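The values are calculated or read from the model by the stated rules, or taken from the named source; none is laboratory data. The structure displayed is predicted, hence computed values, not measured ones. In this analysis, Cβ positions are derived from the backbone assuming ideal geometry, glycine residues included, and neighbour counts consider all displayed protein chains. Only protein heavy atoms, including side chains, enter the accessible area calculation; ligands, DNA and RNA are left aside. Shrake-Rupley method; radii C 1.70, N 1.55, O 1.52, S 1.80 Å.
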Amino acid sequence: MKTLPELLGIELPLIQAPMAGVQGSALAVAVANAGGLGSLPCGMLNPEELRKELVALTSQTSRPFNVNFFCHRPPKPDAKREAAWRNLLAPYYKEFGIEVASIPAGTSRTPFSHDLADVLAEFKPPVVSFHYGLPAPELLERVRSWGGVILSSATTIADAIIAQGLEAGGHRGHFLSGDLTLQMGTFALVPQIAQAVKVPVIATGGIADAKGVAAAMALGASGVQIGTAYLLCTEATTGAVHRAALKSVAAGSTALTNLFSGGPARGVINRAMRELGPMNDLIPAFPLAAAAMAPLRAKAEAAGSGDFSPLWSGQNPTGCREVPAAELTRNLAQDIFLGPHARNRTACSLQSSQS
Ligand SMILES: Cc1cc2nc3c(=O)[nH]c(=O)nc-3n(C[C@H](O)[C@H](O)[C@H](O)COP(=O)(O)O)c2cc1C
């Protein structure tokens, strides 16, 4: 079996997690050039925006990078649920002076499609990862046609498996069952998946520093994917209220909530989560719930408050640093080559990437 760096053509077994809404090509470029796998989240990009980001990426790095897509089944809009959701939010609309009729429905999150694959085909990205399962076989075949390596959360059809523990920030990769109580912690999940499959396993969720990276690898992971720790990096586009929350003591209290998109995701507990949830059965299915929340978020953020914002964060915010992403990547990788799994080849390449 190839090692993860061999499979992905990178130096360090370290993947910067794709994080829609808080980063674009700049973070991916910085991590790629530092020897990790930089990721571009594409779940909220239309084909034109995707092309622009891919031009930016490919003009600033010659290293492999990952593009990430959602592949959820778009739900049928349900007028009753949308009305119930808006009704629940009515007191807040009143508080902020928002006219309910002015709020558009719809979503900016679209699943992987032939239109998006057309753009990808122009750039032939070496790695493509999927959240919420895998797309239709003919779409997957298009990615395979240029030799793209496919990463997915927990399916054996992929070339490597992302094992996401419940500690992870943002949306769950969980898609076979809606029962969140079944989600395991990273360090319980990784050894079990590693034992069960023959492809490399990528540990993600709650890993925030070099010791965590080395521990995940000691448990059988071939590499790690790290999200939350990158959120304060210079190149991340994390908004001001989100940054403030991550730097506050509140960052130690996260919960799973479906209030911001309709799908369960982990974020720092805020007013909306306290008063309406964090999980609420009444709201529209993923990703339709976001539209009704959007104007409240905008009003609150304009006043410097994160009360109605998705403050995505994993359970372990201790690795968040306001430093360039290359520096964070090097720090995260510093213990990888000390353990029994150290390999001369990668140790050499680490030295060369630091020189
Ligand atoms: C702000 C934020 C946005 C995220 N967006 C995505 C996304 O667009 N696609 C995806 O596959 N995972 C997304 N994730 C989940 C990450 O891929 C990863 O599983 C998680 O960040 C790992 O846990 P950690 O945050 O504790 O490092 C997101 C996570 C965060 C924190």
Mind checking the per residue accessible area of the chain for me, 1.4 Å probe, whole number of Å²? 42
Rounded tilt (10° steps) of 79-96 against the dominant C-alpha axis of the chain: 80
Considering only protein heavy atoms and a probe of 1.4 Å, how much of the accessible area of the chain is carbon and sulfur, as a whole percent? 55
Taking R0 as 25 Å, what's the FRET efficiency between VAL197 and GLN334 from their Cβ-Cβ distance, rounded to 0.05? 0.35
Which lysines, on any chain, are close to LYS247 with Cα under 18 Å apart, when same-chain ones fewer than 8 places away are left out? none
Binned at 5 Å starting from 0, the alpha-carbon pair-distance distribution of segment 249-325 in whole percents comes out as 3, 17, 24, 24, 17, 10, 4, 1, 0
Which percent of Cα-Cα pairs in the chain sits in each 20 Å bin, short to long? 31, 59, 10, 0
Of the GluC sites (Glu not before Pro) in segment 55-147, those whose Cβ has at most 12 other Cβ within 10 Å and which sit in DSSP loop: GLU99
Charge dipole (debye, nearest 20) of segment 1-145; +1 at Cβ of Lys and Arg, -1 at Cβ of Asp and Glu: 280
Just tell me which aspartates and glutamates come within less than 17 Å, Cα to Cα, of LYS198; anything on the same chain fewer than 8 places away is out. GLU6, ASP159
Along Cα→Cβ, 7 Å out, is where each label goes; now give me the distance between the ones at GLU48 and LYS94 in nm to one decimal. 4.0
I need the peptides 294-305, 9-20 ranked by packing, meaning the mean over residues of other C-beta atoms within 10 angstrom, with the highest value on top. 9-20, 294-305
log10 I(q)/I(0), Debye, Cα-only segment 19-147, no solvent, q = 0.09 Å⁻¹? -0.36
Quickly estimate the mean residue ellipticity at 222 nm for the chain, helices only: each DSSP H run with n ≥ 4 gives -39500 (n - 2.57), and the total goes over all residues, rounded to 500. -11000 deg cm²/dmol
How big is the accessible area of CYS320 in square angstrom, nearest 10, if you roll a 1.4 angstrom probe over the protein chains? 20
Give or take rounding to whole Å, what are the principal axis extents of the alpha carbon atoms in segment 232-288, in descending order? 37, 22, 13
